[in-house]
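So the structure is just underneath, and the comments pick up after that.
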Amino acid sequence: MRLRILWMVLGSLCCAAVYAQPLRVCVTEWPPYQYTRDGVVRGVHTGLVVEAFRRLGMEPQVESVAWERCWNELAKGRYQAIFSASYNEERAARVLYPKTPLQRVAYMAVVRKGTVWDGASLAALPAPLAIPRGYNVGRDLRKQGLAVDDGALQDRQNLEKLVAGRVGTAVIEDAAAKLLIRDMGLGDKVEILPKPVSEKDYFVVLARQLDGSSAKAQTLLERLEAVLQDLRKERRLEAWTREEMAL
């Protein structure tokens, strides 16, 4: 036990030396995983990521912006990390992914009440499929030849478009869909179909360079990976989920 505590202290000192500046992290609004309340970014993944960096002796500054802007600003050096991001090869060329994800989540089809879908073919879902701009799942569905509407920035806007009849299906992560339907009072107008449209792992990712150094970024990635594994063993995701659901 004493050896483990000593290791954590030394790891914190090392990471502070690797990147001494405040670590700027960007997210987009995606309740219950990350959202802004009273000017502070909160949520299940926010709690998990902030805890991870604090264990490394770092105090992240988390800001919520539009998803595309988040990626563009990271490329310019304004941010050093992003969460929660699914994997694709294009992103992997721009950022560093740890091996351990924050969580695996399911994207569901939200449709107007009374819609029938056999679950066998995504092409049979009412089109177009609405997904926020810049989301990886939208890109995947386009590759399958499906009509995708990514004009909105957030899931809430897509639910509004669905109710108004401007889109056929809103593709939204399961927990986020349930929370939004409840908060928007749409339980009598829309429903979540039972079979997932897609399932993906979501990560916190790092810029490929810190202070202009790829070696610093790689060192931080390795130490972050070790902490993420510890958090998984300690079931901290479940703890943050319980805390968030209690709010």
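Mind checking which residues of segment 120-148 are in contact with a Pro (Cβ under 9 Å, 6 or more places away or on another chain) and either touching a residue at least 40 places away in the same chain (Cβ under 8 Å) or closer than 20 Å to Asn88 by Cα (or both)? Listed by number, the residues that qualify are Gly138, Leu146, Val148. Condition first: assigned to a loop (DSSP other than H, G, I, E, B), of a type in the set (D, E, K, R) and at pLDDT 95 or above. Can you find one or more residues in segment 116-124 that meet it? Within segment 116-124, none of the residues are assigned to a loop (DSSP other than H, G, I, E, B), of a type in the set (D, E, K, R) and at pLDDT 95 or above. Taken over segment 59-70, the criterion of being in a helix (DSSP H, G or I) and surrounded by fewer than 19 Cβ atoms within 10 Å (Cβ to Cβ) is satisfied by Glu68, Arg69.
Screening Ala81 against (1) within 22 Å of Leu193 (Cα to Cα); (2) in contact (Cβ under 8 Å) with a residue 40 or more places away in the chain; (3) crowded, with 18+ Cβ neighbours inside 10 Å leaves a single unmet condition, (1). Once segment 39-58 is narrowed to residues that are under 26 Å from Met245 (Cβ atoms) and assigned to a loop (DSSP other than H, G, I, E, B), the residue that is most open to solvent (accessible area, probe 1.4 Å) is Gly39. Note on segment 88-115: among residues that are part of a loop (DSSP other than H, G, I, E, B) and surrounded by 15 or more Cβ atoms within 10 Å (Cβ to Cβ), the one that is nearest to the chain's Cα centre (by Cα) is Leu102. Suppose we keep only residues that are in contact with a helix residue (DSSP H, G or I) (Cβ under 6 Å, 6 or more places away or on another chain) and in a strand (DSSP E or B) within segment 203-247. Which one would you say is nearest to Asn136 (Cα to Cα)? Checking each candidate, the answer is Val204.
Taking residues in segment 156-174 that are within 22 Å of Leu122 (Cβ to Cβ) and open to solvent by 10 Å² or more (accessible area, probe 1.4 Å), and partners anywhere that are basic (Lys, Arg) and modelled with pLDDT of 95 or more, the pairs with Cβ atoms closer than 8 Å and at least 6 places apart or on different chains are Val163/Arg112; Val163/Lys189; Gly165/Arg112. Scanning segment 174-202 for residues that are among the charged types (D, E, K, R) and either farther than 20 Å from Val116 by Cα or in a loop (DSSP other than H, G, I, E, B) (or both) yields Arg182, Asp183, Asp188, Lys189, Lys195, Glu199, Lys200, Asp201.
The values are calculated or read from the model by the stated rules, or taken from the named source; none is laboratory data. Bear in mind the structure is a predicted one, so any value in this text is a computation, not a measurement. Positions of Cβ are generated from backbone atoms using ideal geometry, with glycine treated the same way; all protein chains shown enter the neighbour counts. We work out accessible area using only protein heavy atoms, side chains counted, and drop any ligands, DNA or RNA first. Shrake-Rupley method; radii C 1.70, N 1.55, O 1.52, S 1.80 Å.
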